[in-house]
Each structure stands twice: as C-alpha cells, then as structure tokens.
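Encoded as structure tokens, the structure appears first; notes follow it.
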Amino acid sequence: MTAGDLRIKLNLIEYCVKKNSLFVVTPDVVVEFLDKSPNCSGMGVGFTTDFMFRTGIHKSHIEPFDFFASQAIPVILLEQQDTDMLSSLFTLLLQKNLIRETHPFGKEVVNHSFSVLMYELAAVHQKYNHGGSIQLNRKEHLLMRFLKLLPVHFKEQRSVQYYAELVFVTPKYLTECVKELTGKTAGEFIDEMVVTEAKLLLSDPAMSVAKVADELYFSDQFFFSKFFKKQAGLTPSAYRKTVYK
C-alpha cells in the first residue's frame, strides 16, 4: 500500500491495511474488500506457484518464501525505506513485462526481475519477523489449520464435526479455540464463508439462484434461499437486485 488505507477480510479475518503495509494473499485465501479511503493506492503482482519455479528459483530455495505459508502473518507494516525499495521493484517488473514481447530477451528479463522481487520480499519478511519462523501455540496452530481447510471444503461440508475430525479434535474444542482467538465460532466461520461465496456467485447474472444453490451443494433452491436469508437478511433474489440497481 503506497497511500491511504484499506479494510479487507482474508479468510474471514478482518485487517486494516494502512500506508506502507505489505499484504500477501495465497491461492487458498478468500479475499473480501470491505472499504477503502478515497486516496487508497498500491502496487502488487499476482502469479502461480508454477510460474515462480519457472523463473529459475530452485525448489531448494523455497525456505525463504515462508511468507506464503498459511501460518504467516498476512499484513506487515513496513518502514518507508522498505516500501520505497519494493515499490521500485514492482515498477521495474511492470516496465519489463510491458516490453516482454518486443525485447530480444524479454522473457529472461521478466523472470530475473521477478526473482529479485521475490528474494527482496523474503528478506523483508524475515526482517520484520526477526529472522525467524513464526511460532504459534497449539490453539493458534489449530485455528490456522481450520482456516486453511475451510476454503477447500466449505462448498461440500458445512458441519463443525467434519472439520474437527480433519484436525483431530472434538467439535466442542475446535469451537472453543476458534471463539477464543477470533470472537467467532467455527460454525459462524463456515456460514460466513458460504454466504461470501454465494454473494460472489449471485453477482454473476449468468448464474440462476437454482444454479448457485447447486454450486454450493444445497439439496434444493428452497433450502439455499432459507439459509441465505437467515445469514444475509434478505433473499437471494433481493440481494441480486441490490447488486444490479
């Protein structure tokens, strides 16, 4: 973030991303943008894991990139000098990518520019984590495992029992740990994840309400509509009208 501030949810956990903040979003994270200041601006890059390895970063060097791990702190407030350094590398990568097709070594230049950015990001992450790996207690580790599993399975599995079995604890203990650390129960997280995805699907005019219900593995449209209204306060059809008005 180079200016202003942004409120976002990453796997249903809310963060305030201020100027000079660095935030990382991995593929298994559900992102929801809540609000932003009028002067909000930033720089970023999106890529696949396969691309990262194709750029020449050998797998033996993956350790420096633990900021992509599910337990990593997703938002870090940087000093101005680190923001300036990363901004210059983001700009360089953009410039090289724009001339990739016309430059005689465009692909190689982009790959190397990307690699430099990745290693600098890794160095910044280690700096702000005091050069060590993140240490979580048992309850925090359990929460992170639950939040990592949730985006993978929530469409088909909406019971706390299912997730508790995956992390080898009782449903009661999972709910207690999640509630203690976040203020929400495991069941509330599951419901919120389903509603968030439902809203995204309903924003697509090509998706009928029945199709959305099927996509989220509800037995029929009636049960989906009942669930959605209970969680969102209005029916799927009414919500869709608020999106397109």
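The values are calculated or read from the model by the stated rules, or taken from the named source; none is laboratory data. Here the structure is a predicted model, which means the values were calculated and not measured. Here Cβ is always computed from backbone atoms with ideal geometry, including for glycine, and neighbour counts include all displayed protein chains. Keep in mind that these areas ignore ligands, DNA and RNA; they rest on the heavy atoms of the full protein, side chains included. Shrake-Rupley method; radii C 1.70, N 1.55, O 1.52, S 1.80 Å.
Leaving out ligands, DNA and RNA, what percent of the accessible area of the stretch 130-245 is carbon and sulfur, probe 1.4 Å?
55
Helix 80-98 versus the longest principal axis of the chain: what is the Cα-based angle in degrees, 0 to 90, to the nearest 10?
90
So what's the angle, to the nearest 10 degrees on a 0 to 90 scale, between helix 186-202 and the longest Cα principal axis of the chain?
80
Relative to the longest principal axis of the chain, what angle (0 to 90°, nearest 10) does the C-alpha long axis of helix 171-182 take?
50
Compare PRO171, PRO74, PRO38 in a GNM of the chain, Cα atoms joined below 10 Å, and give the one with the largest fluctuation.
PRO38
Looking at the calculated P(r) for the chain, what percent of the C-alpha pair distances fall above 31 Å?
Of all Cα-Cα pairs in the chain, 37 percent lie more than 31 Å apart.
Please give the per residue accessible area of the chain, computed with a probe of 1.4 Å over protein heavy atoms only, in Å².
Accessible surface, normalised per residue, equals 58 Å².
Can you spot the aspartates and glutamates whose alpha carbon is less than 19 Å from LYS9's alpha carbon? Ignore those fewer than 8 places along the same chain.
ASP28, GLU32, ASP35, GLU140, GLU180, GLU188, ASP191, GLU192, GLU197
Choose one answer from THR102, THR83, THR175: the residue with the largest mean-square fluctuation in a GNM of the chain with alpha-carbon springs under 10 Å.
For the chain, modelled as a Gaussian network with Cα springs under 10 Å, the answer is THR102.
Under 15 Å from a label point 7 Å along Cα→Cβ of LYS127: give me every residue in the stretch 1-21 with its amide N that close.
So the set is 1, 20-21.
For the stretch 95-178, state which GluC sites (Glu not before Pro) are in a DSSP loop and have at most 11 other beta carbons lying within 10 Å of their beta carbon.
Answer in residue order: GLU101, GLU156.
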